[in-house]
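Here is the structure we will look at.
Any read-out appearing in this document is the output of simple, stated calculations on the displayed coordinates, not a laboratory observation. On a predicted model such as this, the values are computed, not experimentally measured, just so you know. Heads up, the Cβs are rebuilt from the backbone with ideal geometry, glycines too, and the neighbour counts pull from every protein chain shown.
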Amino acid sequence: MKTMPDSAFRSATDSVAAAARPFSVCVYCGSSDATRPDYLQLADEAGAALAGRGWRMVYGGGGVGLMGRAARAAHGAGGDVLGIMPRFLARREIVLEDVPHRMVDTMHERKRIMFDESDGFLVLPGGIGTLEEAVEMLSWRRLELHLKPIVFVSRDDFWEPFFHLMQHTIEARLTPPHFLDVLDSAKTIQEALDAIDAKVVRA
Ligand code: AMP
């Protein structure tokens with residue numbers, strides 16, 4: 001893993017730290033169980049596919065919505081999982097006790113550890129929390145604070161409105177056109193994991 005220019009980002013993401021842990025993909029996804037069943041199934045697929053590749057799944061630590069489905073599927077398929085849960089959310093998001101997890105105090109700490117512990121990011125359908133997490137990773141890429149791939153799984157064009165918004169900012173000359181290279185989209189989980197595999201910067 002390449003180091004980043006900002007020393008504040010360096011410690012946990014340098015090649016030594018990254019080499020000491022399994023290849024890991026952070027999954028950002030919704031916490032709602034009320035969504036479409038095929039989105040929940042997509043989360044099952046993501047967890048199983050990560051386990052199938054022998055990749056660790058890093059996520060928010062909850063047992064609800066797509067988050068819980070993906071983590072249970074990865075764990076059930078024999079995969080390694082790491083959840084990061086803020087204490088104040090543990091009851092609301094029902095911390096998944098079956099998988100290793102770390103308790104933290106704040107959302108910022110949660111996101112920071114999820115970032116440090118991961119080599120790439122898989123974005124499944126989700127709400128404002130998912131969007132916030134994914135957009136933060138994109139904005140850090142924009143600032144060249146990291147080079148980790150970020151791939152949106154856009155089943156049924158779920159993420160199209162977001163890509164349109166990004167295109168709109170490009171047309172307004174607020175985002176450079178080359179940033180489209182960073183906005184990776186895949187139709188299937190396997191295609192998304194292939195894209196992460198192809199784009200990850202290895203030491
Ligand atoms: P949602 O997509 O809204 O269902 O949220 C997905 C996950 O993102 C949930 O576990 C939320 O707790 C989490 N989340 C929401 N906002 C933030 C934030 N600012 N920082 C970190 N995680 C967040």
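For residue 95, the residues 5 or more places off, or on other chains, whose built amide H falls under 5 Å of its own are 63.
Mind putting a number on the dipole of region 23-199 about its Cα centre? Charges go on the C-beta only, +1 for Lys and Arg and -1 for Asp and Glu, and I need it in Debye to the nearest 20. Please report the intermediate quantities before stating the final value.
Numbers: 19 positive and 26 negative charges, 70 e Å.
The dipole of region 23-199 has a size of about 340 debye.
Helical runs assigned H by DSSP (4 residues or longer) give the chain a calculated mean residue ellipticity at 222 nm of -12500 deg cm²/dmol, each run adding -39500 (n - 2.57) before division by the residue total. A simple spin-label model places the labels of residue 187 and residue 201 3.1 nm from each other, with each point 7 Å out along Cα-to-Cβ.
Could you sort the peptides 47-59, 90-102 by per-residue average Cβ neighbour count (10 Å cutoff), highest mean leading?
Values: 47-59: 22.4, 90-102: 15.6.
Per-residue mean Cβ counts within 10 Å order the peptides as 47-59, 90-102.
Note on residue 143 and residue 131: the extension gain reaches 2.5 nm, defined as 0.36 nm multiplied by sequence separation minus the Cα-Cα distance.
Give me the log10 of I(q) over I(0) for the chain at q = 0.13, 0.15 Å⁻¹, as the Debye formula computes it from C-alpha points; what are the numbers? Normalising to I(0) and taking log10 leaves -0.66, -0.89. Protection proxy ranking, highest mean first, for peptides 150-159, 168-177, 20-29: 20-29, 150-159, 168-177, where packing is the per-residue count of other beta-carbon atoms within 10 Å, averaged. When the charge dipole of the chain is built from unit charges on Cβ atoms (+1 for Lys and Arg, -1 for Asp and Glu) and taken about the Cα centre, the candidate among 52, 89, 124 whose Cα reaches farthest toward its positive end is 89.
When the alpha-carbon atoms of region 108-203 are used, the pair Rg, Dmax equals 13.1, 37 angstrom. Under 5 Å from the amide H of residue 58 lie the amide H atoms of 25, 26, 27, 82, each residue being 5 or more positions distant or on a separate chain, with H modelled from the backbone and absent for Pro and chain starts.
Of the residues 196, 68, 37, the one whose Cα sits farthest toward the positive end of the charge dipole of region 23-199, with +1 on the Cβ of Lys and Arg and -1 on the Cβ of Asp and Glu, is 68. Converting phi to 3J(HN,Hα) with the Karplus coefficients 6.51, -1.76 and 1.60 and the offset θ = phi - 60°, region 151-162 yields 10, 8, 8, 9, 4, 6, 6, 3, 8, 3, x, 5 Hz in sequence order, with x at every glycine or proline. Protection proxy ranking for 118-125, 193-200, using the average of other Cβ atoms within 10 Å per residue and placing the highest first: 118-125, 193-200. Close amide H partners of residue 185, meaning residues 5 or more places away or on another chain with modelled amide H under 5 Å apart, are 152. Here the relative contact order of the chain, from alpha carbon pairs under 8 Å that lie six or more residues apart, stands at 22 percent.
Express the relative contact order of region 132-203 as a whole percentage, based on alpha carbon pairs under 8 Å and six or more residues apart in sequence.
Values: 61 pairs, mean separation 30.2, N = 72.
In percent, rounded to a whole number, it is 42.
Of all DSSP beta bridges confined to region 23-199, the antiparallel ones make up roughly 5%.
Which order do 146, 75, 108 fall in if you start with the one that has the fewest other Cβ atoms within 10 Å? All intermediate terms of the calculation are to be shown ahead of the outcome.
Details: 146 21, 75 18, 108 10.
The fewest-first ordering by Cβ neighbours comes to 108, 75, 146.
The HN-Hα couplings worked out from phi for region 190-201 by the Karplus form 6.51 cos²θ - 1.76 cosθ + 1.60 (θ = phi - 60°) are 4, 4, 5, 5, 4, 5, 4, 4, 6, 9, 5, 8 Hz, whole numbers, x standing for Gly and Pro.
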